[in-house]
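Reading through the structure tokens given below for one structure.
The values are calculated or read from the model by the stated rules, or taken from the named source; none is laboratory data. Here the structure is a predicted model, which means the values were calculated and not measured. With ideal geometry, Cβ positions are generated from the backbone for all residues, glycine too; neighbour counts draw on all protein chains shown.
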Amino acid sequence: MLSLSRSLRSLARRGGPSALLAALAAAAVVAVGLALLFSSLFPPEVQAARMPVRDLRDGARAVRVEGFDLWYREVGKRSDRPPIVILHGGPGMSDHYFNGVFDYLFASRRVISYDQRGSGFSEIKPDPASYRFPLLVEELEALRSGVIRQDKLILVAHSYGGMIAMQYAVDHPEHVAGLILISSMPPRDWGSRVDADAPPFEERYLAMDPVSRDRAALSSYLASIPETLFDPASGIVPKVGYLSYVPARLLWDSSAGYDFTKGLGRLTAPSLILYGAADTFVDRVPAYLHAVLPGSVMVRFERSGHWAFLEEPERFRAVVSWFLRQANL
């Protein structure tokens with residue numbers, strides 16, 4: 001930079017103002033070129049939007065867990081029965097898409113739902129280190145011990161939430177009274193990611209601000225939901241809430257290579273595997289899970305895809321109630 005300054009002064013003395021202007025223009029072009037080169041070699045860090053916990057109505061409240069304010073809702077009363085804790089999928093979505101389907105159980109037990117960190121209506125922070133799959137498992141244990149304060153839980157998990165439930169059951173079998181897996185991801189990584197064919201998110205989303213990225217991802221996801229339903233023309237649209245794309249992608253990537261099969265094979269808690277006949281998203285998973293989980297019960301919903309609790313809600317409730325009675329939960 002010092003030699004460039006000396007050269008410009010020399011040009012000004014020899015050629016006058018016009019030469020100086022030409023030199024400044026050339027220097028500007030070089031500077032812009034270097035800036036573009038360095039920005040392509042070292043792209044800025046991709047971050048999530050910064051948003052506080054939201055939608056605190058209808059009995060929902062914020063609870064502080066592991067440094068995040070989580071959207072949390074609890075119905076029912078304390079009893080000697082283990083509470084039900086619902087784990088949404090995504091990652092990055094919201095408990096809202098269950099549409100209160102488990103609220104009917106609150107007459108005899110507590111029913112607890114929450115949005116995971118960076119997901120749905122819980123707090124979103126820009127720090128990418130906050131979005132690692134093991135942290136979701138630690139978050140659930142901190143929620144159990146510090147907020148729910150119950151020794152044993154019945155985990156009800158959908159899709160990606162099934163991975164959290166399975167890892168938690170392997171890490172903390174003493175705290176799992178029962179396991180209900182709905183259209184769950186497999187118990188080990190089969191080598192394919194849901195968005196494996198998509199280009200790296202840096203390439204597609206760096207040009208957009210974090211909120212715009214999330215809105216674009218949500219629009220894309222909502223457009224694909226009918227493909228995961230038994231009847232795409234049914235008009236069913238799960239309330240996935242605010243989809244946080246960057247946390248979701250980071251969580252997906254950090255779970256690559258997972259394998260819970262050995263640990264699940266040692267579980268003694270009763271387990272129920274539910275799936276829809278039209279769910280091509282996880283079509284090989286139920287039978288595999290059934291073989292891995294000792295004494296598990298598997299139920300197929302003939303007129304459902306990925307959302308049996310929305311597509312066949314009455315039968316879904318009946319099956320869950322039957323399982324809880326049969327397992328003495």
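For (1) buried (at least 21 other Cβ atoms within 10 Å of the Cβ); (2) modelled with pLDDT of 95 or more, each residue gets a yes or a no:
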| site | (1), (2) |
| --- | --- |
| TRP252 | no, no |
| ASP279 | yes, no |
| SER296 | no, yes |
| VAL299 | no, yes |
| GLU302 | no, yes |
| PRO313 | no, yes |
| TRP322 | no, yes |
| ALA327 | no, yes |
Filtered residues of region 154-170 (kept if surrounded by fewer than 24 Cβ atoms within 10 Å (Cβ to Cβ) and among the aliphatic types (A, V, I, L, M)): VAL170
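Does any residue of region 80-90 turn out to be modelled with pLDDT under 95 and closer than 20 Å to LEU324 by Cβ?
Restricting attention to region 80-90, the residues satisfying the condition of being modelled with pLDDT under 95 are 80-81, 89-90.
Now restrict to residues that are closer than 20 Å to LEU324 by Cβ: 80-81.
Yes; the residues of region 80-90 include at least one that is modelled with pLDDT under 95 and closer than 20 Å to LEU324 by Cβ.
Within region 110-126, identify whether any single residue is more than 24 Å from ARG50 (Cα to Cα) and outside any strand (DSSP E or B), and answer yes or no. Outline the logic, then answer.
So the first thing to find is which residues in region 110-126 are more than 24 Å from ARG50 (Cα to Cα), and the list is 110-112.
Keeping just the survivors that are outside any strand (DSSP E or B) gives 110.
Within region 110-126 (the criterion being more than 24 Å from ARG50 (Cα to Cα) and outside any strand (DSSP E or B)), the answer is yes, since at least one residue qualifies.
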Number of the exception - HIS290 against (1) at pLDDT 95 or above; (2) in a helix (DSSP H, G or I); (3) in contact with a Leu (Cβ under 8 Å, 6 or more places away or on another chain): (3)
Close pairs (9 angstrom Cβ cut-off, 6 or more residues apart or separate chains): over 9 Å from LEU87 (Cβ atoms) in region 158-173, surrounded by fewer than 24 Cβ atoms within 10 Å (Cβ to Cβ) and basic (Lys, Arg) anywhere: VAL170/LYS262; VAL170/ARG266; HIS172/ARG144; PRO173/ARG266
In this structure, is ASP195 under 20 Å from the mean Cα position of the chain (by Cα), at pLDDT below 75 and in the same structural domain as ALA287 (by TED's automatic domain parsing)? yes
Out of the residues in region 199-248 meeting the condition of being of a type in the set (Phe, Trp, Tyr) and either outside any helix (DSSP H, G or I) or in contact with a Cys (Cβ under 8 Å, 6 or more places away or on another chain) (or both), tell me which one is modelled with the lowest pLDDT. TYR242
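Just to check your reading of the model, which residue among ASP95, ASP151, ASP127, ASP80 is charged (D, E, K, R) and crowded, with 24+ Cβ neighbours inside 10 Å?
Values: ASP151 fails: crowded, with 24+ Cβ neighbours inside 10 Å; ASP127 fails: crowded, with 24+ Cβ neighbours inside 10 Å; ASP80 fails: crowded, with 24+ Cβ neighbours inside 10 Å.
On inspection, the qualifying residue turns out to be ASP95.
Among VAL63, VAL53, which is of a type outside the set (Phe, Trp, Tyr), in contact with a Gly (Cβ under 9 Å, 6 or more places away or on another chain) and modelled with pLDDT of 95 or more? Steps first, please.
Values: VAL53 fails: in contact with a Gly (Cβ under 9 Å, 6 or more places away or on another chain).
Criteria check complete, one pass: VAL63.
Just wondering, is there one or more residues in region 303-317 that are in a helix (DSSP H, G or I), under 18 Å from PRO186 (Cα atoms) and in contact (Cβ under 8 Å) with a residue 24 or more places away in the chain? Don't jump to the end; show me each part of the working.
Kept after step one, since they are in a helix (DSSP H, G or I), are these residues of region 303-317: 308-311, 313-317.
Checking which are under 18 Å from PRO186 (Cα atoms) leaves us with 308.
After this cut, where a residue has to be in contact (Cβ under 8 Å) with a residue 24 or more places away in the chain as well, the list is 308.
Among the residues of region 303-317, at least one is in a helix (DSSP H, G or I), under 18 Å from PRO186 (Cα atoms) and in contact (Cβ under 8 Å) with a residue 24 or more places away in the chain, which makes the answer yes.
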